[in-house]
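Heads up: the structure comes next, in structure tokens.
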Amino acid sequence: MKYYVVADPHGYYNYMIAALREKGYFEDEGPKKLIVCGDAFDRGKEAVEMQNFLADLVAKDEAILIRGNHDDLLEEFVTHSAAYAARGLLATHHFSNGTVQTCVQLSGMDIMQMEVEPETLKEKMHETRCFRELLPAMVDYYETKRYIFVHGWIPCD
């Protein structure tokens, strides 16, 4: 098994694909897995492309997704979207971190709609491949015979 590893793609799908292409990922016909060491989303403008690429790999058992802090932020924001909407999304750390823009991209809603209809946002996000397939597939770490892959921490509980 050959492993290709990326960390913190943050929704920059085309940059990630370019790096994988440069390293021969797409030409490699042998058994391989892509390890993503956290933070698949937030900041970049290609969340939908990232979501679909990773979900397709997960479905084929060709990816290992390690949970990062931005993956936690996404879940936390969607779970508590009504409370954040009541305060105004532009004033939240979720706006400055890029989580709000990830939700705009994946839900198809704009920020004003998200503030007025936070429950609709929650419903739409829970219908995405991100919430249905990617977040549930994430692990805290992945271990091979010689390496341990993490996002930057190992839970101590």
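The values are calculated or read from the model by the stated rules, or taken from the named source; none is laboratory data. All values derive from a computational prediction rather than experimental measurement. Methodologically, a virtual Cβ is constructed for each residue, glycine included, from the backbone with ideal geometry; neighbour enumeration extends over all protein chains shown. Surface accessibility is based on the protein's heavy atoms, side chains included, excluding ligands, DNA and RNA. Shrake-Rupley method; radii C 1.70, N 1.55, O 1.52, S 1.80 Å.
Observations on the structure shown:
- In the stretch 44-71, the residues that are under 16 Å from Leu135 (Cβ atoms) and at pLDDT 95 or above form Cβ pairs under 8 Å with partners that are in a helix (DSSP H, G or I) and basic (Lys, Arg), at six or more places apart or across chains, as follows: Gln51/Arg129; Asn52/Arg129; Ala55/Arg129.
- Hits in the stretch 138-148 (condition: buried (at least 16 other Cβ atoms within 10 Å of the Cβ) and of a type outside the set (Ser, Thr, Tyr)): Met138
- Given (1) of a type outside the set (Ser, Thr, Tyr); (2) over 22 Å from Lys33 (Cβ atoms); (3) more than 12 Å from the chain's Cα centre (by Cα); (4) buried (at least 21 other Cβ atoms within 10 Å of the Cβ), number of the condition His151 does not satisfy: (2)
- Filter pass, Gln105 being within 15 Å of Ala47 (Cα to Cα), in a helix (DSSP H, G or I) and open to solvent by 40 Å² or more (accessible area, probe 1.4 Å): yes
- For the stretch 114-127, the tally of residues that are crowded, with 16+ Cβ neighbours inside 10 Å and in a helix (DSSP H, G or I) stands at 7.
- Of the numbered criteria (1) closer than 19 Å to His94 by Cα; (2) under 11 Å from the mean Cα position of the chain (by Cα), the one Asn52 fails is (1).
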